[in-house]
Amino acid sequence: MTRFLTTTLLCVAAGAALAKDPGYIGAVEVVRGSGDGADMARGTVFVDANRNSKRDAGEAGLAGVQVSNGREVVLTGDDGSYQLPAYDDMNLMVTKPAGYVTPVSADMVPQFAYIHKVAGSPDLRFGGIAATGPLPEAVNFPMIEDPAGDAFNCLVFGDAQAYTNREIGYVRDTAGQMLATADLSDTECLIFAGDVMGDDLSLYPRFKSIIAVGQTPQYFVGGNHDIDFDAEDDKDSFDTFRREWGPEYYSFDIGNVHFVGLDNVRYPCNGVDPHPFCATDANHTYNGVITGRQLEWLANDLANVPEDKLIVMTAHIPFQTFTDNTAAKHQTDNLDALVAVLGDRPVLGLAGHTHTTENIEKGEHFDGWAENTNLGPAPFHQIVTGALSGSWWAGDLNAQGVPHGTQRLGSPRGYYRLDFDGSDYVDTYRTFHTHEDQQFHASFNTPRFRGWAERLIAYRDLYGRSFDQTPPVVRRDLGDMLMLTSEDLAGGTWLAVNVWNGSAKSVVFAAINGGDAMQAERTQSGTGEEKLRGPEFADPLAMAIQATQSSVAARSVDGGDDTAGYTTWQGVEWQGEPGPFQGWMLTNNSHHLWRLDLPTDLPVGTHTVEITVTDRHDRVFRDTIAFEVVEELPNLEWQAEFWE
């Protein structure tokens with residue numbers, strides 16, 4: 001009852017989503033009969049004229065549609081029939097062609113596959129897949145015609161990573177609320193780049209129900225927090241995910257775009273991959289790699305896709321990342337093998353995992369990539385999509401009653417919208433609380449900030465994840481960040497502009513007091529250099545927001561320990577003094593930060609700086625900041641001397 005009440009309330013509160021056709025509700029047709037147990041998978045892809053998910057007399061087959069067992073790929077014959085080798089553990093799946101749609105479940109999950117696992121999963125905490133028994137006599141894939149053309153959009157979400165029902169509520173209050181009220185008339189798919197859950201896979205149904213309010217098909221890839229941690233072999237590690245969402249890798253077409261979902265999370269990697277963290281005597285963990293079976297499937301899949309068609313490829317672990325540029329575990333080991341399959345096709349790669357926004361242009365390059373992905377310069381355009389959860393739902397509540405979760409490279413929590421027109425696309429980062437035209441924030445990096453940041457970073461380095469010590473500084477110790485002293489200017493002060501979806505093609509200008517526009521410089525050039533980190537390369541505003549997390553100190557008479565602070569990850573309780581985010585979550589580096597040094601001779605008084613950002617699509621975004629220059633900082637608190 002609660003599940004349906006949640007969806008109903010969101011719909012009633014909205015109106016926009018209610019107006020959208022819920023689509024074609026149905027399922028794959030599984031035919032049991034005397035042919036069960038055959039050694040070949042057979043069936044038909046057909047036009048389901050009466051939408052009952054069954055192939056009735058007179059319903060035509062669809063020719064030339066791709067069907068796969070997860071390795072081989074065949075095209076249906078003139079009558080829509082197919083035949084494939086069968087495996088005891090496989091995803092029998094169809095690639096939805098452009099101009100058609102497969103059925104969706106009541107929760108808007110596309111039904112394009114039959115999950116076949118003869119013996120079922122081993123005994124798993126969250127159940128996995130029940131034994132399917134022998135191969136059915138036939139597996140038929142129903143479809144109906146789709147009026148969507150070549151111009152459409154898809155919304156892309158990184159890690160929701162909800163560990164608890166409380167955090168599922170935050171999903172409802174952000175993504176659910178947005179989907180309930182947004183105009184989704186041109187939205188053809190919602191893509192989730194993994195870590196849908198935070199280890200507790202029993203929460204999948206509630207999440208599914210909330211996202212279904214958008215009445216738009218949802219496509220998922222699994223993340224390292226979507227796995228069955230008690231699986232002893234990688235072939236079983238996504239079984240609960242497969243039961244709830246479908247295949248862990250797959251493809252589908254909309255317009256002139258070929259979408260591919262990939263599984264690049266190997267768990268456990270122990271004894272398989274040649275990394276110290278994958279050693280046989282180490283705790284079971286994951287690694288970023290694409291299996292040989294998947295690469296074989298992808299080569300077979302792409303053999304039927306025109307060379308000039310755009311490939312939009314989603315995986316959880318980034319193909320390459322600035323955030324974890326020197327880490328093997330958090331990038332794709334065998335990116336070179338993937339690129340060999342892709343060839344020279346136009347490709348957009350999407351990923352999650354790092355809880356950051358990264359817009360990586362083709363040819364861009366950072367230290368560590370060659371060693372950890374077997375490629376240096378980026379072989380195709382890549383977007384790390386940020387996280388629905390931001391920094392793991394950390395931080396005090398914002399105006400929407402949700403933790404602000406300011407992300408590691410300084411972007412606010414959000415998601416991407418991809419607008420397609422044929423094989424062209426425009427990528428836009430959206431937050432849950434700002435207008436679409438707001439694409440950056442700005443602050444000043446002063447000597448005062450740098451001294452404050454050094455103490456904050458040193459404290460977090462010393463005390464790790466604990467909150468049992470009073471921090472040396474909090475946000476208020478910074479004073480007024482838009483009040484600069486003459487000493488600040490003389491000691492080196494610069495404007496720091498964080499462009500949330502900024503890339504190497506972005507251009508940033510600033511004009512002080514209506515004067516000539518001056519070009520800012522990106523702090524990371526993306527030409528193979530090491531990551532630059534520390535107070536000089538920090539985002540002052542983001543760090544100030546991340547510096548004081550008061551929610552950890554919350555305690556009540558009624559709740560005691562039960563409601564003190566808050567709980568995240570696998571039951572980790574954050575309680576104690578109101579300190580900063582974890583050290584690795586602080587924005588002391590960013591590859592989408594621009595710097596412009598201020599003149600040292602700005603006179604005392606109030607000034608303005610107009611900031612203009614031009615993005616990779618030549619769109620222009622502007623904002624103006626008012627700031628003050630003073631000889632010395634005034635008392636910012638209550639002036640008690642006038643009342644004594």
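Looking at residue 352 and the list (1) touching an Asp or Glu at 6+ places or on another chain (Cβ under 6 Å); (2) over 20 Å from residue 286 (Cβ atoms), which single condition is not satisfied?
(2)
Among the residues of segment 219-241, write down those that are more than 20 Å from the chain's Cα centre (by Cα) and assigned to a helix (DSSP H, G or I).
Hits for segment 219-241 are 234, 235, 236, 239, 240.
Among the residues of segment 164-177, count how many are surrounded by fewer than 19 Cβ atoms within 10 Å (Cβ to Cβ) and under 22 Å from residue 429 (Cα atoms).
Selection size over segment 164-177: 1.
May I ask you to verify whether residue 514 is open to solvent by 10 Å² or more (accessible area, probe 1.4 Å), in a helix (DSSP H, G or I) and modelled with pLDDT of 95 or more?
Answer is no for this residue.
Quick check on residue 172: is it under 20 Å from residue 218 (Cβ atoms) and of a type in the set (Lys, Arg)?
yes
Evaluate segment 250-266: report whether one residue or more is in contact with a strand residue (DSSP E or B) (Cβ under 7 Å, 6 or more places away or on another chain), under 30 Å from residue 211 (Cβ atoms) and free of Cβ contacts under 8 Å to residues at least 40 places away in the same chain.
Yes - at least one qualifying residue is present in segment 250-266.
Give the residue that is nearest to residue 164 (Cα to Cα), with candidates limited to residues of segment 226-235 that are surrounded by 19 or more Cβ atoms within 10 Å (Cβ to Cβ) and touching a strand residue (DSSP E or B) at 6+ places or on another chain (Cβ under 8 Å).
226
Among 131, 119, 106, which is the only one that is outside any strand (DSSP E or B), in contact (Cβ under 8 Å) with a residue 40 or more places away in the chain and open to solvent by 10 Å² or more (accessible area, probe 1.4 Å)?
Selected residue: 106, the only one of 131, 119, 106 that is outside any strand (DSSP E or B), in contact (Cβ under 8 Å) with a residue 40 or more places away in the chain and open to solvent by 10 Å² or more (accessible area, probe 1.4 Å).
Determine which member of the set 111, 161 is of a type in the set (S, T, N, Q), in contact (Cβ under 8 Å) with a residue 12 or more places away in the chain and open to solvent by less than 30 Å² (accessible area, probe 1.4 Å).
Going through 111, 161 in turn, just one is of a type in the set (S, T, N, Q), in contact (Cβ under 8 Å) with a residue 12 or more places away in the chain and open to solvent by less than 30 Å² (accessible area, probe 1.4 Å): 161.
I'd like to check something: does segment 211-218 contain any residue that is more than 18 Å from the chain's Cα centre (by Cα), modelled with pLDDT of 95 or more and open to solvent by 10 Å² or more (accessible area, probe 1.4 Å)?
The answer is yes; a qualifying residue exists.
Look at residue 402 and say whether it is among the β-branched types (Val, Ile, Thr), over 30 Å from residue 278 (Cβ atoms) and surrounded by 17 or more Cβ atoms within 10 Å (Cβ to Cβ).
When the stated conditions are applied, residue 402 passes them.
Does segment 181-188 contain any residue that is assigned to a loop (DSSP other than H, G, I, E, B), open to solvent by 10 Å² or more (accessible area, probe 1.4 Å) and closer than 21 Å to residue 355 by Cβ?
Taking every residue of segment 181-188 in turn, none turns out to be assigned to a loop (DSSP other than H, G, I, E, B), open to solvent by 10 Å² or more (accessible area, probe 1.4 Å) and closer than 21 Å to residue 355 by Cβ.
Can you tell me which residue is nearest to residue 266 (Cα to Cα) among those in segment 286-305 that are of a type in the set (A, V, I, L, M, F, W, C) and not in a loop (DSSP other than H, G, I, E, B)?
Checking each candidate, the answer is 295.
Look at residue 55 and say whether it is among the charged types (D, E, K, R), part of a loop (DSSP other than H, G, I, E, B), modelled with pLDDT of 95 or more and touching a Pro at 6+ places or on another chain (Cβ under 8 Å).
Yes.
Out of everything in segment 333-360 that is open to solvent by 10 Å² or more (accessible area, probe 1.4 Å) and in a loop (DSSP other than H, G, I, E, B), what residue ends up being nearest to residue 591 (Cα to Cα)?
The selected residue is 353.
Assess whether residue 238 counts as being closer than 18 Å to residue 287 by Cβ, open to solvent by 10 Å² or more (accessible area, probe 1.4 Å) and aromatic (Phe, Trp, Tyr).
Taking the combined requirement at face value, the residue does not satisfy it.
Quick grid of which residues meet (1) surrounded by 15 or more Cβ atoms within 10 Å (Cβ to Cβ); (2) among the acidic types (Asp, Glu):
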{"site": "436", "(1), (2)": "no, yes"}
{"site": "440", "(1), (2)": "yes, no"}
{"site": "448", "(1), (2)": "yes, no"}
{"site": "490", "(1), (2)": "no, no"}
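Please enumerate the residues belonging to segment 482-511 that are of a type in the set (S, T, N, Q) and part of a loop (DSSP other than H, G, I, E, B).
Passing the criteria: 493, 501, 503, 506.
Please enumerate the residues belonging to segment 603-644 that are more than 38 Å from the chain's Cα centre (by Cα), at pLDDT 95 or above and either small (Gly, Ala, Ser) or more than 21 Å from residue 478 (Cα to Cα) (or both).
Scanning segment 603-644 gives 603, 605.
This table checks each residue for (1) free of Cβ contacts under 8 Å to residues at least 40 places away in the same chain; (2) more than 29 Å from residue 311 (Cβ to Cβ); (3) among the aromatic types (Phe, Trp, Tyr); (4) in a loop (DSSP other than H, G, I, E, B).
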{"residue": "367", "(1), (2), (3), (4)": "no, no, no, yes"}
{"residue": "407", "(1), (2), (3), (4)": "no, no, no, yes"}
{"residue": "415", "(1), (2), (3), (4)": "no, no, yes, no"}
{"residue": "435", "(1), (2), (3), (4)": "yes, yes, no, yes"}
{"residue": "441", "(1), (2), (3), (4)": "no, yes, no, no"}
{"residue": "448", "(1), (2), (3), (4)": "no, yes, no, no"}
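Give the residue, chosen from 399, 442, that is modelled with pLDDT under 95, farther than 24 Å from residue 352 by Cα and not acidic (Asp, Glu).
Just a single option satisfies the conditions, and that option is 399.
Would you mind finding the one in 419, 461 that is more than 30 Å from residue 326 (Cβ to Cβ) and open to solvent by 30 Å² or more (accessible area, probe 1.4 Å)?
None of the others qualify; the one that does is 419.
Among (1) under 19 Å from residue 594 (Cα atoms); (2) in contact with a Lys or Arg (Cβ under 8 Å, 6 or more places away or on another chain), where does residue 453 come up short?
Condition (2) is where residue 453 drops out.
Restricting to segment 464-481, and then to whatever is open to solvent by 40 Å² or more (accessible area, probe 1.4 Å) and in a loop (DSSP other than H, G, I, E, B), can you tell me which residue is farthest from residue 553 (Cα to Cα)?
480
Restricting the search to segment 77-103, which residues are within 21 Å of residue 41 (Cα to Cα), assigned to a loop (DSSP other than H, G, I, E, B) and touching a residue at least 24 places away in the same chain (Cβ under 8 Å)?
Scanning segment 77-103 gives 79, 80, 86, 87, 88, 95, 97, 102, 103.
Of all the residues that make up segment 306-329, how many are crowded, with 17+ Cβ neighbours inside 10 Å and either assigned to a loop (DSSP other than H, G, I, E, B) or among the basic types (Lys, Arg) (or both)?
14
Show the residue pairs meeting these rules: Cβ distance below 6 Å; 6+ apart or different chains; first residue within segment 281-308 and within 15 Å of residue 90 (Cβ to Cβ); second residue at pLDDT 95 or above and assigned to a loop (DSSP other than H, G, I, E, B).
As it stands, the answer is 293/71; 294/249; 296/71; 297/70; 297/71, since those pairs meet every condition given.
Can you find, within segment 259-285, the residue that is surrounded by the fewest Cβ atoms within 10 Å (Cβ to Cβ) among those that are out of contact with any helix residue (DSSP H, G or I) (no Cβ under 8 Å at 6 or more places or on another chain) and under 18 Å from residue 102 (Cβ atoms)?
259
The values are calculated or read from the model by the stated rules, or taken from the named source; none is laboratory data. Values in this document were obtained by computation on a predicted structure and should not be read as measured data. Neighbour counts are summed over all protein chains in view; Cβ atoms, including those assigned to glycine, are modelled from backbone coordinates with ideal geometry. The accessibility values were calculated without ligands, DNA or RNA, using every heavy atom of the protein model including side chains. Shrake-Rupley method; radii C 1.70, N 1.55, O 1.52, S 1.80 Å.
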